[in-house]
1. Taking R0 as 41 Å, what FRET efficiency do you get between A:ARG64 and B:THR50 from their Cβ-Cβ distance, rounded to the nearest 0.05?
2. Using the beta-carbon distance between A:ARG85 and B:ARG192 and R0 = 51 Å, what value does 1/(1 + (r/R0)^6) give for FRET efficiency, to the nearest 0.05?
3. Counting pairs of alpha carbon atoms under 8 Å apart in space and at least six apart in sequence, what relative contact order in percent does the stretch B:114-196 give?
4. As an exercise, use a Förster radius of 35 Å and the Cβ-Cβ distance of B:ASP124 and A:VAL38 to find the FRET efficiency, rounded to the nearest 0.05.
5. Listed highest first by mean packing, meaning other Cβ atoms within 10 Å per residue, what order do B:55-63, A:80-88, B:178-186 come in?
6. So, counting K/R as plus one and D/E as minus one, what does the shell of residues with Cβ under 11 Å around B:VAL81 add up to?
7. Per-residue mean of other chain beta-carbon atoms within 10 angstrom of the beta-carbon, peptide A:131-142?
8. Add +1 for every Lys or Arg and -1 for every Asp or Glu among the other residues with Cβ under 11 Å from the Cβ of B:SER163, and state the total.
Amino acid sequence: MRASRIHSRGPAHIEAQLTPLIDMAFLLIVFFVLVGQVASAEFVELSLPRTASDAPGRPGDAQRLVVNVVPARDSGAAAYRLGRREFGPDAGGLAELARTLAEAIRAKPALEVNVRADRATAYSWVRPAMDAVSDALALSGVDRSRVRVRLVVLPAGGGDG
Amino acid sequence: MADATAAEDRARTLGALERLAATARAGGPAQARTLPGRPSRRRARGVGTTLRTNLTPMIDVVFLLLIFYMATTRWGTDERVIAMDLARRTAQAPAADGAAPAPAPARDPFALDDESLRIEVLADGSVRAGTPLGRTMRLTELRELLARECRGVGSPGGMFEPSFPIVVAPAEDAPWEAAVAVLDAATAAGYRNVGFERRTAPAGAAR
């Protein structure tokens with residue numbers, strides 16, 4: 001009399017292999033932490049202007065610099081922010097912003113420069129940011145056609161500010 | 001003599017048995033307590049024991065962190081961009097070795113500005129279109145007007161070519177949204193040469 005092979009193995013012992021699951025979860029966490037840091041450096045919390053048409057395009061995959069006009073009360077600007085660096089809204093701060101931009105453009109001429117400003121900010125506070133970008137282009141000596149300058153907006157009927 | 005020897009042996013055997021019993025009561029070696037041919041209880045319990053870490057709390061925390069980061073990460077995928085050419089400015093290059101910066105080239109006083117449509121953006125969001133339109137209107141009206149007057153397939157009798165320069169000149173206190181809306185209206189109508197008005201004020205003169 002010989003026992004069947006199934007019964008000879010004894011009771012079934014089923015276990016879930018959780019190691020790959022934990023590995024993936026940790027990788028995803030690291031990914032989101034890094035993406036969150038990059039995003040926080042680029043995006044200041046702003047209420048961007050909303051367009052009525054579908055004419056604006058999607059941002060390209062090119063490496064970009066983002067100049068944020070940090071809003072203040074009374075439609076003003078508290079500072080201008082490039083990455084994690086902040087520049088004062090005075091002549092010295094804007095000159096420093098232009099110099100920093102020029103160095104970055106000189107190092108990578110195929111950059112894309114995006115200007116982000118709050119929808120309620122007065123034009124007189126956004127114009128210096130665009131002027132600083134223009135000054136940086138002149139200071140860098142790079143061909144203007146190689147550097148793309150874009151204004152960041154929200155599309156019609158979608159997204160949150 | 002023989003009785004004495006037998007009594008001595010009996011006493012020795014009893015002493016040994018008592019010591020064995022005392023050892024068993026005190027929890028001595030398992031071999032002393034087990035009967036031959038039967039496995040000890042301790043060894044039977046120890047066979048196949050594996051150390052396991054309880055991973056459930058860690059997985060709970062990991063998933064909570066994952067959900068937190070997924071929910072709080074801002075992707076910015078909804079953002080769009082309007083391409084533009086910035087006005088060329090004569091920025092002062094840093095003077096080398098203390099030398100005075102080169103003076104800006106003198107402008108020909110008789111040179112005429114390129115013909116363009118200048119659109120002023122006022123603080124209340126309304127717009128004032130310059131020559132040849134020459135009137136103040138709401139943004140929706142300007143949008144329709146620009147689309148209608150852009151010469152192309154849809155409107156062959158339009159007043160302006162798509163390459164006609166359109167200059168947006170927002171007032172100092174005009175909200176950024178209104179300025180961008182005019183730029184967007186011109187771009188959406190099909191004009192390709194749209195930009196903000198060139199200012200002569202140096203960088204930094206915000207107010």
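Derivation of every value follows stated rules applied to the coordinates shown; laboratory data play no part. Since this is a predicted model, take the numbers as computed values, not measurements. Note that we place each Cβ from the backbone using ideal geometry, even for glycine, and neighbour counts take in every protein chain shown.
1. Given R0 = 41 Å and the Cβ-Cβ separation, E is 0.15.
2. Computed FRET efficiency for A:ARG85 and B:ARG192: 0.90.
3. Relative contact order comes out at 34 percent.
4. 0.35
5. Top to bottom by mean Cβ count within 10 Å: B:178-186, A:80-88, B:55-63.
6. +4
7. 5
8. On the way: positive: B:ARG151, B:ARG192; negative: B:GLU161.
Within the 11 Å Cβ shell, the charges total +1.
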